[in-house]
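Report on the following structure.
The values are calculated or read from the model by the stated rules, or taken from the named source; none is laboratory data. Since this is a predicted model, take the numbers as computed values, not measurements. Here the Cβ positions follow ideal geometry from the backbone for every residue, glycine too, while neighbour counts run over all protein chains shown.
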Amino acid sequence: MEAVIKINDLKKSYGSVLAVDGVNYHVNHGEMFGLVGPDGAGKTTTIRMLVGLLVPDSGSAEILGFDLLSQKNLIKNEIGYLSQKFSLYGDLTIDENVEFFADIHGVKHFEERRDELLEFTRLTPFRDRLADKLSGGMKQKLALACTLIHKPKIIFLDEPTTGVDPVSRRDFWKILSNLLKEGITIFMSTPYLDEAERCNRVALMDKGKIISCDTPKNVKDSLNIQIIELVCTPVRTAYTVIKSKTDFEVQMYGDRLNIAVSEYDQDYALIKKLFVENSIVEIDKRIITPSLENVFIHYMSK
């Protein structure tokens, strides 16, 4: 596969804070690549460097074969960027916002493209509505339409579904899936590990470093752990006991615990012993496949 983004030892600091610490990876043509991590991991700083809004302290990158630093002007019209706070103009209608961004990118005869995008994002019935009067999900879809008006080859999306309701999130992901069918490369950051599962490849990022980069399946398979899901009562007591008396990684979801173990027979015997000693009743048990959330917490704890 052809790599359309190549990142080599990029670094960026803000004073004494090293926001991006020598990251290295590539993104292939036509794939959805997810940069995943908590707030402060360095995701936004990475994207802002790749779209030319921040200058790296050191390292290099290529976008579509162009050098990020010396050929920035050749890159800007080939990419689209949807930031966390996309600057829509609230006193302009949907149509007028798209027209404005078409003018910025020098797109002539944009009307047919605009109509396609509004149909694509299901905004056609609202095209005369002011942007300030749109819901959060509709604003994100309008922002995406503005990002796509000049037919970019790569789009950079910085946490595009943060603060968006579940239905709009689902619609947004349908739109992204259709963009992939058109051959557009998508580079997105997200704090949501369930969203990261949808990407072709993911890079798990924490404290400025990449801690794993591969397909979601390979990232999950890279850990030699099993997840024991236990329904038990009282669950909070069980969580506290496992947390304080073992080295197991444990997460609580409602009435159940997810406990990461490496030696099932031995480790489950210890859990049962602790339950008996603390009057905890096991109601149900099963082995489940590790999720990206399990993997990410495992890496962060190490």
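Computed quantities for the displayed model
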| quantity | calculated |
| --- | --- |
| Breaking point among (1) loosely packed, with under 13 Cβ neighbours inside 10 Å; (2) without any contact (Cβ under 8 Å) to a residue 40 or more places away in the chain; (3) touching a Cys at 6+ places or on another chain (Cβ under 9 Å); (4) of a type outside the set (Phe, Trp, Tyr), for ARG256 | (1) |
| Tally, over the stretch 207-219, of residues that are surrounded by 17 or more Cβ atoms within 10 Å (Cβ to Cβ) and of a type outside the set (Gly, Ala, Ser) | 5 |
| Residue that is nearest to ASP206 (Cα to Cα) [pool: residues in the stretch 264-302 that are among the charged types (D, E, K, R) and surrounded by 12 or more Cβ atoms within 10 Å (Cβ to Cβ)] | GLU293 |
| Checklist (1) assigned to a strand (DSSP E or B); (2) surrounded by fewer than 18 Cβ atoms within 10 Å (Cβ to Cβ) applied to LYS12, failing item | (2) |
| Spans of strands (runs of 3 or more DSSP E) in the stretch 26-120 with at least 2 residues in the same structural domain as LEU144 (by TED's automatic domain parsing) and surrounded by fewer than 17 Cβ atoms within 10 Å (Cβ to Cβ) | 58-63 |
| Qualifying residue in the stretch 172-182 (condition: within 26 Å of LEU64 (Cα to Cα) and either of a type in the set (Ser, Thr, Tyr) or outside the structural domain of GLU31 (by TED's automatic domain parsing) (or both)) | yes |
| Condition met for ASN8 (within 20 Å of ARG201 (Cα to Cα), in contact (Cβ under 8 Å) with a residue 60 or more places away in the chain, touching a strand residue (DSSP E or B) at 6+ places or on another chain (Cβ under 8 Å) and polar (S, T, N, Q)) | no |
